[in-house]
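Everything below concerns the one structure shown next.
The values are calculated or read from the model by the stated rules, or taken from the named source; none is laboratory data. A quick note: this is a predicted structure, and the numbers were derived from the prediction, not measured. Every residue, glycine as well, gets a Cβ built from its backbone with ideal geometry; the counts of neighbours run over all protein chains shown.
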Amino acid sequence: MLKTVFNIDLKSINIDSLKKETAVYEKLRRLVRSICALRSDNRNLLSNTELSLIFETGLILPPETALEYLTPVYEAMKKINDKDQVQGIRAMIYGGKNIPSAIADIIEGKGIIIAEDDSCTGRRAFDMSLNAESDYIFYEMLDSYSYRPLMPCMRPVNERYELLYKLLRNYGIETVIFYKDDRCSASIDDIDYLRIRMMRDGIDPLVIDNRNYNDVVSGYLNNI
C-alpha cells in the first residue's frame with residue numbers, strides 16, 4: 001500500500017523515528033481511555049457534552065498539544081475519589097459521524113448509563129493500542145488494524161459485529177441505542193443488521209433519531 005499509494009519503500013522508513021512518533025500518539029490514546037474509565041466510575045465528573053470535547057481535542061489538535069490540555073483534566077479527575085452510586089441499565093450508544101452529546105446527557109438523566117459509545121468521533125477512535133518500543137512496529141500496526149473494530153465507516157458491519165458487538169455482554173452492556181444520523185447513510189444502513197443481531201444475542205436494541213429519542217427511551221424504561 002505504501003508503495004502503491006505514496007511511492008514509499010518500506011525499507012527506507014526510519015524505524016526509530018516511527019517508534020518515537022507512535023509513542024506520542026499512544027500516550028494520547030491511553031490518556032483519553034483513562035479519562036473515559038474514570039468517567040465510567042463517576043458520571044458526575046464529566047457530562048457527555050464535556051466528554052465530547054475531550055474526544056474532539058484528541059482528534060483535532062496535534063497530539064503534543066492535546067496532551068498539554070488533557071493531562072491536567074485527568075490529574076484533576078484522579079483527585080476525586082467518590083464513585084457514582086447510581087444504578088441503571090448499562091448501554092452503548094451507536095452513531096455514525098457523531099452522537100449529539102446533549103441527547104446522550106438527556107438519556108443518562110433518565111437513568112440509562114452510557115458506558116460505551118460507537119461512533120467515528122468517540123471512544124472507538126482511541127481504541128488502538130500499540131507497543132511503541134517494538135522494533136517490529138509495522139507488525140504491531142498491522143495486528144491492531146486487523147483485529148480492532150475501528151470506527152463504523154472503516155470496517156464492514158459483519159466484521160464489526162464479530163469484533164465488538166458480539167462481545168458486549170462481557171462488558172455488562174444490556175442495551176444498544178442506535179442513533180440514526182441523517183447525515184451518515186452508511187451508518188443507517190448498518191443499523192438494521194446490528195439491531196437484529198442484538199435481539200438474537202439477548203441485548204435490547206433501541207432505534208432513535210433527533211426527534212423521537214425522548215419518547216422511545218421513556219417508553220422502553222416504562223416497559224422494563
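Values for this structure:
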{"item": "Selected residue (criterion: nearest to the chain's Cα centre (by Cα)) from residues of region 51-83 that are acidic (D, E) and modelled with pLDDT of 95 or more", "result": "E56"}
{"item": "Subset tally (residues that are more than 18 Å from A115 (Cα to Cα), under 17 Å from the mean Cα position of the chain (by Cα) and among the basic types (K, R)) for region 161-197", "result": "1"}
{"item": "Selection status of G88, surrounded by fewer than 18 Cβ atoms within 10 Å (Cβ to Cβ) and in contact with an Asp or Glu (Cβ under 9 Å, 6 or more places away or on another chain)", "result": "yes"}
{"item": "Of the criteria (1) assigned to a loop (DSSP other than H, G, I, E, B); (2) surrounded by 12 or more Cβ atoms within 10 Å (Cβ to Cβ); (3) more than 18 Å from the chain's Cα centre (by Cα); (4) not hydroxyl-bearing (S, T, Y), which one I99 fails", "result": "(3)"}
{"item": "Selected residue (criterion: farthest from P72 (Cα to Cα)) from residues of region 27-44 that are of a type outside the set (K, R) and buried (at least 19 other Cβ atoms within 10 Å of the Cβ)", "result": "C36"}
{"item": "Subset of region 203-224 (residues that are surrounded by 14 or more Cβ atoms within 10 Å (Cβ to Cβ), farther than 21 Å from C184 by Cα and either in contact with a Phe, Trp or Tyr (Cβ under 6 Å, 6 or more places away or on another chain) or of a type in the set (D, E, K, R) (or both))", "result": "D204"}
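Condition check ((1) closer than 16 Å to S47 by Cα; (2) touching a helix residue (DSSP H, G or I) at 6+ places or on another chain (Cβ under 9 Å)) across all residues:
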| residue | (1), (2) |
| --- | --- |
| P72 | no, no |
| A102 | yes, yes |
| A115 | yes, yes |
| A132 | no, yes |
| R148 | no, yes |
| N158 | no, yes |
